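Okay, so here's the structure we're looking at.
The values are calculated or read from the model by the stated rules, or taken from the named source; none is laboratory data. Bear in mind that the values here come from a model prediction, so they are computed numbers and not experimental data. Because the Cβ atoms are built from the backbone with ideal geometry, glycine has one as well, and the counts that use them run over all protein chains shown. To get the accessible areas, we keep the full protein, side chains included, count just its heavy atoms, and leave off ligands, DNA and RNA. Shrake-Rupley method; radii C 1.70, N 1.55, O 1.52, S 1.80 Å.
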Amino acid sequence: MAGDGLWYKDAVIYELHVRGFYDSDGNGAGEFRGLTLKLDYLSDLGVNALWLLPFYPSPLRDDGYDISDYTNIHPAYGTLDDFRMFLDESHRRGIRVITELVLNHTSDQHPWFQQARSSRENPRRDWYVWSDSVERYKQARIIFTDTELSNWAWDPVSKSYYWHRFFSHQPDLNFDNPAVREAAWEVMKFWFEMGVDGLRLDAVPYLVEREGTSCENLPETHDVLKYLRRRADETFSEKMFLAEANQWPRDVRQYFGDGDECHMAFHFPLMPRMFMAIRLEDRKPIVDIFQQTPEIPATCQWGIFLRNHDELTLEMVTDEERDYMYDEFARDTRAKLNLGIRRRLAPLMEGDRRRVELMNGLLMSMPGTPILYYGDEIGMGDNIYLGDRNGVRTPMQWNGGWNAGFSNADPEQLYSPIISNPVYGYQAVNVESQRRYDHSLLSWTKRLIRLRKSSRVFSRGTMEILKPQNHRVLAYIREFGNERVLVVSNLSSQAQAAELDLKRWKGSIPIEMFGGNLFPPIGDLPYLLTLGPYQFYWFRLRRL
Ligand code: GLC
């Protein structure tokens, strides 16, 4: 571990759902004891941080993002003792744990909301955002466009409207109320004290509302985050905040503050542009977005990803780009959800191993901390016939046997059907069969992660984008201290040649990192490389 408190910079994060990982007690859903049994698998894969989807008591109408008790464990997933055991076992293996802090809203079943709605005089009333008319905050957009018509919902109990940015069963907390801020800090403290290393701050742009604004990214919202960060820094060390702010780079930049707000933030706009680039066979979308990405404070880091538990969000693209993405990646309209596409990586890449490898190669070599989504390391498929985002949250496929080795329960009892089609089904795609072969996607991913972690140039280095004439080739130099790595990727389905201007590194020898082989030294002429379809190289540049 890093030793300078910046562990999150050198992390390779694995996102998983406790419910979907391993069911050790045979009731049809995964739990902490099951997950703990699989920690050796994760440690062998090489990841050194886990991000867990919400596991708190909840009516599960938004898969746990609707929390009814912030400081406990959903009984289906175990007990606080089970969680502590999981945490200790993770730490023993050098794996950090990041959990969810859903601050913006609670479940309508949370006792706070039950009290707030019970009467207009209740002391908890002001913990939520109420109104007698739906005319307030009209400029705020609706996020779950497929299910919600308004950000206001009628409460028949207290006969007024309450504010919600997500599902109507998720009332927004009122962060103008200091008592709510205190409550948020208490929750944070509870998990940090237990030993949790980082918190993903869910839906942070929406904490505060102001008339006449979009109610997103407001200065008052940043004040709340700075306050929480200050309290965390006063009490703990080496803890991390990861902001979920699905916004344009200049707006996300604000969530880092002057290094006094969030340590990390997801780079949402980069993700769809990686998919666009590989489909267009052109580096332009990726280059453009990096040009628009501002510098961030030295202690901060982007979180980068290909897929996660939500739809592949297309909020941060233009209307034209969104149409293109839908045409190319969601020809079956069942794959569309809200402003996005509910598919996993392998099906999005049409099962093409070369494209899956290229996308992962980009992910692991670009500036930021990479986040892998569970199951993508074996190329799991999805099920677009399940509702909402459930089709990308199906059980992990461990082997080709009963319930994919996920659970001993009756198949009908599982929280979700297992993927069973002949292409992506568990008999074809599972950990056990891929563990046996050096050339499986799983074995390859392991090597990729190992290589990524072999040098801090990837986790901490600068990035300089080169501009070879062939725009189907993306090339960049990562640099940290006296280490330099050249990454060259062919985004196209056909063989390509590129001439790179590497004059500045004249006399260096490129060493291909996967095989360790020497390439011809860099001389005066442009450096010529040929690449097969979707091929990429990582070269360490060694001075003579
Ligand atoms: C975040 C989560 C998403 C959830 C929403 C509401 O966007 O990623 O899964 O539905 O917040 O909590």
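Observations on the structure shown:
- With θ taken as phi - 60° and the Karplus curve 6.51 cos²θ - 1.76 cosθ + 1.60 applied, the whole-hertz 3J(HN,Hα) list for region 333-338 is 5, 4, 6, 7, 8, 6 Hz, x standing for glycine and proline.
- Size of electric dipole in the chain: Cβ of Lys, Arg +1 and of Asp, Glu -1, about Cα centre, debye, nearest 20: 1820 debye
- Reachable aspartates and glutamates, given that their alpha-carbon falls under 16 Å from the alpha-carbon of K467 and they are not under 8 places away in the same chain: E281, D282, D288, E499, D501
- Entries in K9/K446; K9/K189; K9/K506; K9/K226 that, when Cα-Cα distance is taken, lie over 26 Å: K9/K506
- Three-way shape label, region 111-163, alpha-carbon gyration tensor, a/c 1.5: prolate
- The lysines within cross-link reach of K138, meaning a Cα-to-Cα straight distance under 23 Å and a gap of 8 or more places when in the same chain, are K159.
- Basic side chains Lys and Arg get +1 at the Cβ, acidic Asp and Glu get -1 at the Cβ, and with that the dipole of region 111-163 about its Cα centre reaches some 120 debye.
- Ranked by the mean number of other Cβ atoms within 10 Å per residue, highest first, peptides 25-33, 253-261, 417-425 order as 25-33, 253-261, 417-425.
- Potential lengthening between D251 and D323 on full extension [0.36 nm per residue; Cα-Cα distance subtracted]: 23.5 nm
- Expressed as a whole percent, the accessible area of region 336-418 that falls on carbon and sulfur atoms is 47 (1.4 Å probe).
- Using the Cβ-Cβ distance between D501 and S214 with R0 set to 45 Å, the FRET efficiency from 1/(1 + (r/R0)^6) comes to roughly 0.55.
- Size of charge dipole - region 461-542 - debye, nearest 20, with Cβ of Lys, Arg +1 and Asp, Glu -1, no other charges: 60 debye
- Total formal charge among the other residues, if their Cβ is under 9 angstrom from that of P297, Lys/Arg +1 and Asp/Glu -1: -3
- Across the options L474, V423, G375, the greatest Cα extent toward the positive end of the charge dipole of the chain (unit charges at beta carbon of Lys, Arg, Asp, Glu) belongs to L474.
- Cα-based helix-to-principal-axis angle, 80-92 vs the chain, degrees rounded to 10: 20 degrees
- Percent carbon-and-sulfur accessible area, region 162-204, ignoring ligands, DNA and RNA, probe 1.4 Å: 49 percent
- 1.4 Å probe accessible area per residue over the chain, in Å²: 38 Å²
- The packing ranking, built from the mean of other Cβ atoms within 10 Å per residue, places the peptides 323-329, 15-21 in the order 15-21, 323-329, highest first.
- With the helix formula -39500 (n - 2.57) applied to DSSP H stretches of n ≥ 4, the chain reaches a computed 222 nm mean residue ellipticity of -7500 deg cm²/dmol.
- Relative contact order for region 80-185: 26 percent, from Cα pairs under 8 Å spaced at least 6 residues apart, divided by residue count.
- Phi to ³J(HN,Hα) by Karplus 6.51 cos²θ - 1.76 cosθ + 1.60 over region 320-329, Hz, x for Gly, Pro: 5, 5, 5, 4, 4, 4, 4, 4, 8, 10
- With the cut-off at under 18 Å, measuring from each backbone N in region 126-158 to a point 7 Å along the Cα-to-Cβ line of A179 picks out 126-131, 158.
- Whole-number percent relative contact order across the chain, with pairs defined as alpha carbons under 8 Å at least 6 apart: 12 percent
- For region 111-163, averaging the sequence separation of C-alpha pairs within contact (under 8 Å, six or more residues apart) and dividing by the residue count gives a relative contact order of 36 percent.
- Residues whose placed amide H lies under 5 Å from that of L337, excluding near-sequence neighbours: R342
- The residue list M513, N217, M276 was ranked by how far each Cα lies along the charge dipole of the chain toward its positive end, using unit charges on Cβ atoms, and M513 comes out on top.
- Principal-axis tilt of helix 219-235 within the chain, Cα atoms, nearest 10 degrees: 80 degrees
- Helix 353-365 axis, angle to the chain major axis (alpha carbon atoms, nearest 10°): 80 degrees
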